[in-house]
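Each remark here refers to the structure printed beneath this line.
Please treat every number below as a calculation from the coordinates, not as lab data. Everything numeric in this text was worked out from a predicted model, so none of it was measured. No Cβ is skipped: glycine too gets one built from the backbone with ideal geometry, and neighbour counts run over all protein chains shown.
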Amino acid sequence: MKIHEYQAKDIFKKYSISIPNETVCRTVDEVVAASQEIGLPCVIKAQVMVGGRGKAGGIKIAKTDVEIKDYAAAILGMEIKGIPVRKVLVSEAVAIASESYLGIINDRTEKKTVVMACKEGGVEIEEVARQKPEAIYKVYADPLVGLLDHKAREIGLFLYENPKVAFECAAITLKLYKLFIELDSSLAEINPLVVDKSGRLIALDAKINFDDNGLYRHPDIEAMRDRESQDENELLARERDLSYVRLTGNIGCVVNGAGLAMATMDLVKHFGGEPANFLDIGGSSSPEKVMNALEILLKDKNVKVIFFNIFGGITRCDDVAHGILQAKKSLNIKQPIVARLTGTNEDKAMEILKEAGLIFAATMDDGAKKAIELLQ
Amino acid sequence: MSILVNNDTKLVVQGITGRDGSFHTRQMLNYGTKVVAGVTPGKGGIDIEGIPVFNTVAEAVEKTNANTSVIFVPSKFAVSAIYEAIDAGITLIVCISEGIPTIEMVKITAYLKHKDCRLVGPNSPGVVSPGQAKVGILPGHIFKKGAVGVISRSGTLTYEIVDHITKVGLGQSTCIGIGGDPIIGTKFIDCLELFANDNDTEAVVIVGEIGGRDEQDTAYYIKENFKKPVFGFVAGKTAPPDKRMGHAGAIISGTSGTAAEKVKIFKECSIKVGDTPAEVADLVKRAV
């Protein structure tokens, strides 16, 4: 799960990591009031959970009251990568002496928590990792003891020559690690971490992602979820314990299992079609789950054909068949349905569906091809 | 031969009294797996499918000599179930449960370091050595005894590919679902090390997906160290960046961990890649 920069900074505040003086605003009037409080010049930053805000014009420095109003109106009205900007952060313009990068993730390869530092700030760390891996300094936390003080000091001394700044950085590193562990974070990043003209270290930007598997023990974090800026279908799917991601095509896919669901999308594309979505109905599927899945799928008006690809194991094909029948009646489905149902109780499923007007497919290749043909 | 599970597997089912645990205990017994014990704290003394249930894994091991455990408990209890199995002297744990926080897997990995115990999963569909033992939830009927080793991060996609392999007339030595989480107990390379020494395995199929760089590291390992032919498949070519595709580990982070990157490195390392599940089986058929 992702949160906004302003929410991440609230967490930083709780962990005593210094941030600029700033306020989150929803309207131009609020921005004007905040700028008067903070003093000019001010930075106005769009609060959207996608990268490349600066390039898209979502971050501006305003030096006058006129600019404050103009920029606030422009940014609050814009869309960045298709996401409307509903909130901005109004922040003091920090006089920057130097910028660097500090981030923590769980390293999948080493199976340990790793702290990464880079002397360049504002970078995309994955890009640096690929192109200039030697520019990233890494220290690993001991899984059972934690991040040791001297390891944090290594980070500080790598980034800064001035020992006072280096040790202040070490303290920030330890705080960032503490919040990473305590909140089941999957990414905690200060990018850039800046030294201002008076030698103070400030987290100019903040990014915290959370491990979805850990959310059950952090209801306060779950409550930070921005429902407004999430796809309504994705939210609904989440509530109903289904896994759904909207894509841009017109062949709606209903699949059991995440790997097979991805492979089904890929196969549709492979044969020249465009998948409308990723949708995993999960393991032990009941007819209700299939109903829920179809309801979500059909909210996407681009869907012209529905392709069921079910490999029954725990999932019983007859459950899926009952779900399809019920949904056809109650949701008044007009789109043709291609069904490939194999595995547990497939014979029963065929019996249930024989009068239902579906197009049956023997294999997943056959199903994908038939779905594509129906569009022509 | 085969790897990980075989005729010597004596299985304890943790969470045997739950809905999934009892259902799959029956399925595993039907397959011929030697299920010797079940564990559910507080339910010790009863029988499920004729299998004695104990309160602790230690007691189950003491009374039945169980050497392998399969975990079906809800995610909130799965972490302690894993530690309990490790401490009871179980040498192979297959964790079917999903939803374990990543940081807990970091700790479990460290705890396992000096123990004589291997963890497969979490979020694994299980391990099958056809004709010998099935541990987990994979549907037994799609497997056939043979010489192809299968290692996969997925569940149903594994069934799809195994089914194709069986239908082209080949069979499997062992099929391992390593699990779809970011941090897992046993990775592709760990399985390959075992397959390298298994005389029954002539070729290996690797079923990967988006997220992380395990496939990439595995490809380089194969190029340097692994002599048997390897075939690959990568799911998620059409997956958008920064969206979790079901599995906790299946996420393209910025521009890294894409299917294209993985396929490219597979090919650079002389691993033949099928564009579709059916194609993978055809490639294996032609080579073996």
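Report, in degrees rounded to the nearest 10, the 0 to 90 angle that the Cα long axis of helix A:258-270 makes with the longest principal axis of chain A. Between helix and principal axis, roughly 80 degrees. Our note on the geometry: Cα centres of the range A:1-79 and the range B:249-284, 41 Å apart.
With point charges of +1 on the Cβ of Lys and Arg and -1 on the Cβ of Asp and Glu, referenced to the Cα centre of the protein assembly as shown, which listed residue (B:Gly45, A:Ile372, B:Thr9) lies farthest in the positive direction of the dipole? Final value for the positive-end residue is A:Ile372.
Under a no-solvent Debye model with one identical scatterer per Cα of the range A:38-173, what's log10 I(q)/I(0) at q = 0.13, 0.17 Å⁻¹? The calculated log intensity ratios at q = 0.13, 0.17 Å⁻¹ are -0.74, -1.00.
Out of every Cα-Cα pair that the range A:232-374 contains, those further apart than 27 angstrom amount to 8 percent. Computed from the C-beta positions of A:Glu182 and A:Ser330, the FRET efficiency with R₀ = 41 Å rounds to 0.35.
For chain A, a simple Cβ point-charge model (Lys and Arg +1, Asp and Glu -1, everything else neutral) yields a dipole of about 240 debye relative to the Cα centre. Candidate cross-link partners of B:Lys63 among the lysines, defined by an alpha-carbon separation under 17 Å and a same-chain spacing of 8 or more, comprise B:Lys10, B:Lys34, B:Lys43. Of the residues B:Ile71, B:Gly131, B:Gly180, the one whose Cα sits farthest toward the positive end of the charge dipole of chain B, with +1 on the Cβ of Lys and Arg and -1 on the Cβ of Asp and Glu, is B:Gly131. Size descriptors for chain B (Cα atoms only): Rg and Dmax, in that order, 18.3, 57 Å. Charge dipole of the range A:217-376 (Cα centre as origin; +1 on each Lys and Arg Cβ, -1 on each Asp and Glu Cβ, all else neutral): 360 debye, rounded to the nearest 20. Over all directions, how big on average is the projection of the convex hull of the alpha-carbon atoms in the range A:21-92, in square nanometres? Orientation-averaged projected area of the Cα hull: 3.9 nm². Normalised by the number of residues in chain B, the average gap of Cα pairs under 8 Å and 6 or more apart makes the relative contact order 15 percent.
With K and R counted +1 and D and E -1, the other residues having a Cβ less than 10 Å from that of A:Lys348 yield a net charge of -4.
If a spin label sat at a point 7 angstrom from the Cα of A:Glu110 along the line to its beta carbon, the backbone N atoms of the range B:241-261 nearer than 20 Å would be those of B:253, B:256-257. Taking a straight line from the alpha carbon of A:Lys45, these lysines sit under 21 Å away, with near neighbours fewer than eight places off in the same chain left out: A:Lys2, A:Lys9, A:Lys13, A:Lys55, A:Lys60, A:Lys63, A:Lys69, A:Lys81, A:Lys87, A:Lys207.
Compactness ratio for the range B:11-120: Cα radius of gyration over 2.2 N^0.38 Å (N = residue count) comes to 0.99.
Only helices enter this figure: runs of n ≥ 4 DSSP H residues, each worth -39500 (n - 2.57), summed and divided by the residues of chain A, yield -11500 deg cm²/dmol at 222 nm to the nearest 500. Tell me whether chain A comes out rounded, prolate or oblate; compute the Cα gyration tensor, take square roots of the eigenvalues as a ≥ b ≥ c, and use a/c under 1.5 as the rounded threshold. Prolate. Oblate is the label for the range A:225-314, because a/c, from the alpha-carbon gyration tensor with a ≥ b ≥ c as root eigenvalues, is 1.5 or above and a/b does not exceed b/c.
To test your reading of the geometry: what angle, between 0 and 90 degrees and rounded to tens, separates the Cα axis of helix A:149-159 from the longest principal axis of chain A? Roughly 80 degrees between the two axes. Given the protein assembly as shown reduced to its alpha-carbon atoms as identical point scatterers, what log10 I(q)/I(0) does the Debye formula return at q = 0.08, 0.10, 0.11 Å⁻¹? Once normalised to I(0) and log-transformed, intensities are -0.65, -0.98, -1.15. Relative contact order for the range B:139-203: 42 percent, from Cα pairs under 8 Å spaced at least 6 residues apart, divided by residue count. For the range A:21-92, a simple Cβ point-charge model (Lys and Arg +1, Asp and Glu -1, everything else neutral) yields a dipole of about 400 debye relative to the Cα centre. Exposure proxy for A:Arg200, B:Arg19: other Cβ atoms within 10 Å of each Cβ, ordered fewest to most, give B:Arg19, A:Arg200. According to the Cα-based calculation, Rg over Rh for the range A:96-222 is 0.96, with Rh computed by the Kirkwood formula.
Summing Lys and Arg as +1 and Asp and Glu as -1 over all other residues whose Cβ lies under 14 Å from the Cβ of A:Lys63 gives a net charge of -2. Think of chain A as a dipole: +1 on every Lys or Arg Cβ, -1 on every Asp or Glu Cβ, centred on the Cα centre; then among A:Phe360, A:Val320, A:Tyr160, A:Phe360 lies furthest on the positive end. Here the relative contact order of chain A, from alpha carbon pairs under 8 Å that lie six or more residues apart, stands at 12 percent.
Summing charges over all other residues whose Cβ lies under 10 Å from the Cβ of B:His247, with Lys and Arg as +1 and Asp and Glu as -1, gives -2.
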